[in-house]
Amino acid sequence: MSKSQATQRRPLTARAEGDQVQLSVGGPRRPLVTLEDAPPPAPQPPCSCRTCLMLLMVPVSLIIYLFLYMNLYAFLFGVSPYLSPAWQSPCAQVHGAPGAEDFVYDPRSKLVLLSSADHRTMLANQYALLCSLPHSLSLSLISILTTWYASLSGGHIYTLDTETQQVQQLAIHGYEAAKLHPHGIDLFVPSDENLKPVLFMVNHRDREGDSILRFEFDAASSSLHFLSQVQDSKFISVNDVAAIDREQFYATNDNGAFRKTLRNAMGMFIPALAGSSVVHYDGKRVNFVVNPGDARMANGIALSRDRNYVYIAETMRLYAKPQPPP
């Protein structure tokens, strides 16, 4: 039997007496180590102030950035709230169309048509915290969330009587009102009095994709009658529409990427990366007239009175493009 094997079979006992620990291996007990001689436990390193500060700076920086998004950021890129008014006229707030997106005037009925999508209420039903945030911050968050949740429904089309200031919701016929999420609108008023005006509407749908809806506007019955829907793969992130006639139109894509993508989110904050474009529908097919990337976050669009130019409002500039006659 080897010495190591014999040692393993010898009894091993340990006993604590006072502040000493005695170890005995098949022989007389003798002190091995005392508690007084044991090294003290290593102190726990204190929490680094720099680490805590960096962790705190992340949410604070995000809140500050979102707050400035609707203010300083817009000012730096040309959307200034300090523009001089073109005329001095009294201005009164009109209630009744929450979340108004766009409007267009009908010279026949002297009514103003309003597209409405109350994003704050839509999202507050899912995110109650939005109601408790400051207004500017909540608007910034809403602008981001609506980019990702374009399938939210609950939008309407209203009319505003310019004489009585009364706001009335229009009845929708031939199209499911629950699928309405309107954005930009335009109205084509034909010269023939026997033909009713045609309303063009940008409609946001997440699963089906953006589309342009056409409605016949009946001012007498305060209603819209569905005519057709135009969908195309070039409708990437449609913002506004400009009617040419009862069929043709121009439309702006404010982003070159579809919603719920990283590139789309980056384009929201950096217009130079938006890669937006302008499309034209000739009644049969959709074509680019301003290629993706040549427009910088294109938003509003309108035709000149002589219908020779198309005006495009962008975040960083105003763009005018000659338009060939339809």
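Coordinate-derived values only; no laboratory data. Because the structure is predicted, anything quoted here is derived from the model rather than measured. Note: ideal-geometry Cβ built from the backbone for every residue, glycine included; neighbour counts use all protein chains shown.
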**OP:** Loop only per DSSP, at most 15 neighbouring Cβ atoms within 10 Å: give me the trypsin sites (Lys or Arg not before Pro) in segment 181-242, ordered by residue number.
**Re:** R207
Original post:
Taking amide hydrogens as modeled 1.01 Å from N in the peptide plane, which residues meet the under 5 Å criterion relative to L227, leaving out close sequence neighbours?
Top reply: R214, F215, E216
**OP:** Within the set of other residues whose C-beta is less than 11 Å from the C-beta of S115, count the net charge using Lys and Arg as +1 and Asp and Glu as -1.
**Re:** -4
Original post:
Non-local amide H neighbours of D240 (under 5 Å, H modeled in plane, Pro and chain starts lacking H): which ones?
Top reply: T252
Original post:
Which far-off residues, 5 or more places away or on another chain, put their amide H under 5 Å from the one on A100, with H placed in the peptide plane?
Top reply: A117
